[in-house]
Amino acid sequence: MKRRKILKGLSALPLIGALPLRSAAETLSLPRKKRDLIQELGIRSFINAAGTLTYMSGCIMDEEVVETIENTSRHFCMIDEVQDIVGAKIAQLVHAEAAMVSCGAFSAMTLGLAGILTGLDIRKVEQLPHLDGTGMKSEVICQKSHNERYNHAFLNTGCRVIEVETIEDVRKEVSEKTALLHFLNIQANEGKIKHEEWVALGKELGIPTSIDIAADVPPVSNLWKFNDMGFDLVFISGGKAMRGPQSAGILMGKRDIIAAARLNAPPRGFTIARGHKVNKEEILGMYVALEKFISGDHEREWKSWETSIARIEGAVKDLPGITTKVAVPELGNTTPTLTISWDDNVVKLTGKELRDHLRFGSPSIEAGFGGLPLYHYQAGSDSVDPAIAETLKGANLIRVTAWMLQPGEDKIVAKRIREELLKAGSAKG
Ligand SMILES: *Cc1c(COP(=O)(O)O)cnc(C)c1O
């Protein structure tokens with residue numbers, strides 16, 4: 001609109017044809033129409049009622065994060081200096097001795113372990129991921145129920161992961177090869193050994209301990225809780241609830257390990273983690289996201305999620321054959337989560353069909369199937385572990401969260417789910 005007005009104004013100038021030629025630099029700085037690449041290339045964008053899933057691009061970055069990325073993009077900086085300064089600031093905020101911005105929690109896991117293995121020895125840094133004959137340690141111990149897919153990050157260093165179940169198992173498995181005792185917070189209730197016991201074991205045996213809290217804020221206090229508890233390394237994602245860059249995360253913990261992790265990280269190029277590059281814009285964007293998240297009004301935000309979930313639940317719960325339930329996952333992805341399920345004698349629909357109708361409807365909406373790992377999206381459907389695919393086939397449910405909804409989208413989600421359930425309900429033979 002504004003642009004059109006300006007153009008009209010210009011054409012009214014009598015001397016328009018006589019304007020002097022512009023230099024290339026001047027031409028470049030002329031206001032131009034902003035491109036909308038999502039529209040231009042026909043990429044599907046959607047309302048995200050599923051959650052902070054990587055394959056759905058995680059989160060919408062906070063406005064101040066985007067501003068930071070844009071403003072810092074016009075300057076050159078030394079990457080190490082940006083990491084030094086931002087790392088010190090982040091460390092203060094999260095009660096850690098030191099911190100660095102990694103390119104996600106997964107990268108933080110690889111880098112943290114690499115730092116333990118190599119210390120500040122550049123020759124060792126160059127040798128990774130080949131450990132044989134180097135004198136470097138080669139094993140990570142974790143509880144069986146904590147050994148899930150993201151532990152692949154440790155394998156990238158050349159280490160292997162040893163599973164244990166009891167404290168006695170840990171004592172038995174520990175050797176001069178043990179580099180790290182790793183804990184997965186979201187599975188804390190599934191393991192026999194609890195957080196404090198894990199930290200105490202590490203201290204007793206003289207082995208560093210780490211914890212993966214990738215998706216485990218809120219509560220905001222988790223940012224410092226595990227540093228305070230005594231874990232040597234803590235890994236968290238930047239592009240989930242913190243709404244930082246999706247390709248950023250934080251490695252925080254002991255000063256000497258973080259310094260060694262930095263040696264394994266870009267800008268250095270003789271390392272296993274050269275591919276874990278984080279540019280200055282994202283390092284600074286991550287810092288702003290963290291700051292904003294810590295100072296945010298979490299109570300208000302929680303209430304708004306509850307209001308949205310109640311609105312969506314209210315739109316469907318009185319329909320025939322429908323059951324709704326709101327629960328809050330305790331240890332990670334902690335947000336009010338609505339499960340809508342139904343009697344398939346009344347509502348002729350599977351969970352997958354409802355998700356597809358929402359996905360390919362207008363506007364497009366993504367809903368979740370629940371705590372089941374959906375690995376990636378391909379040709380209009382989710383690819384899942386074959387064992388899980390079997391379970392999903394007959395599941396008459398969808399799961400909805402509100403934390404990634406933009407203002408006003410809760411009403412649209414409520415209306416669309418109701419429409420689809422009504423349609424499938426009245427169509428029953
Ligand atoms: C998301 C997640 C990761 C990976 O985090 P990125 O920031 O995407 O690298 C690791 N562990 C757990 C438990 C996660 O949920």
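Each value in this text was obtained by applying a stated rule to the coordinates, not by laboratory testing. Bear in mind that the values here come from a model prediction, so they are computed numbers and not experimental data. So basically every Cβ, Gly included, is an ideal-geometry build from the backbone, and we count neighbours across all protein chains shown.
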Next item on the list: First select every other residue whose beta carbon is under 13 angstrom from the beta carbon of M252; then total the charges, Lys and Arg +1, Asp and Glu -1.
Entry: +1
Check: Taking only the alpha-carbon positions of segment 177-326 and ignoring solvent, what does the Debye formula give for the base-10 log of I(q)/I(0) at q = 0.11, 0.13 Å⁻¹?
Finding: -0.58, -0.76
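Semi-axes of segment 146-246's equivalent ellipsoid from the Cα gyration tensor, sqrt of 5 times each eigenvalue, largest first, rounded to whole Å?
On the way: eigenvalues 112, 49, 29 Å².
Each semi-axis is the square root of five times an eigenvalue, giving 24, 16, 12 Å.
At a 10 Å Cβ-Cβ cut-off, how would you order D169, D84, D212, D297, fewest neighbours first?
Values: D169 17, D84 14, D212 29, D297 9.
Ascending Cβ contact count within 10 Å gives the list D297, D84, D169, D212.
Per the helix-only calculation at 222 nm, which mean residue ellipticity applies to the chain, given -39500 (n - 2.57) for every DSSP H run of n ≥ 4 and division by its residues, nearest 500 deg cm²/dmol? Walk me through the intermediate numbers first.
Details: 17 runs with 173 residues, N = 429.
Theoretical 222 nm ellipticity from helices: -12000 deg cm²/dmol.
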Check: When Lys and Arg each count +1 and Asp and Glu each count -1, what net charge do the other residues less than 13 Å away from K240, Cβ to Cβ, add up to?
Finding: -2
Margin query: In Å and on Cα atoms, what radius of gyration and Dmax does the chain show?
Written below: 25.2, 89
Note to self: Could you tell me the relative contact order of segment 251-336? Use alpha-carbon pairs under 8 Å, at least six residues apart, and round to a whole percent.
What the structure shows: 13
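Among the GluC sites (Glu not before Pro) in segment 139-203, which ones are in a DSSP loop with at most 12 other Cβ atoms within 10 Å of the Cβ? Mind listing them? Intermediate results must be reported in sequence, preceding the final value.
Details: sites: E139, E148, E163, E165, E168, E173, E176, E190, E196, E197; in loops: E148, E165, E176.
Loop-located and lightly packed - E176.
Could you list H95, H75 so that the one with the fewest beta carbons within 10 Å of its beta carbon is first and the one with the most is last? Walk me through the intermediate numbers first.
On the way: H95 14, H75 8.
Ranked by crowding around the Cβ, least crowded first: H75, H95.
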Next item on the list: Would you tally the net charge around I47, using a Cβ to Cβ cut-off of less than 12 Å, leaving I47 out, and scoring K and R as +1, D and E as -1?
Entry: +2
Check: Using alpha-carbon positions, what is the distance between the centroids of segment 40-58 and segment 153-191, in Å?
Finding: 35
Note to self: Using the Cα centre of the chain as the reference point, and only Cβ charges (+1 on K/R, -1 on D/E), how large is the resulting charge dipole? Debye, rounded to the nearest 20.
What the structure shows: 1920
Notebook entry, point to check: Hey, rough spin-label estimate for I294 and T323, points 7 angstrom out along Cα→Cβ, what's it come to in nanometres?
Noted result: 4.4
Checklist line | segment 81-113 versus segment 221-248: alpha-carbon centroid distance in Å | finding: 9
Notebook entry, point to check: Given the pairs K137/K292; K192/K254; K89/K411; K89/K194; K194/K280; K240/K415, which are separated by over 32 angstrom at their Cα positions?
Noted result: K137/K292; K89/K411; K194/K280
Checklist line | Pairwise label distance in nanometres, M78 with E97, each label 7 Å out on the Cα-Cβ vector | finding: 2.4
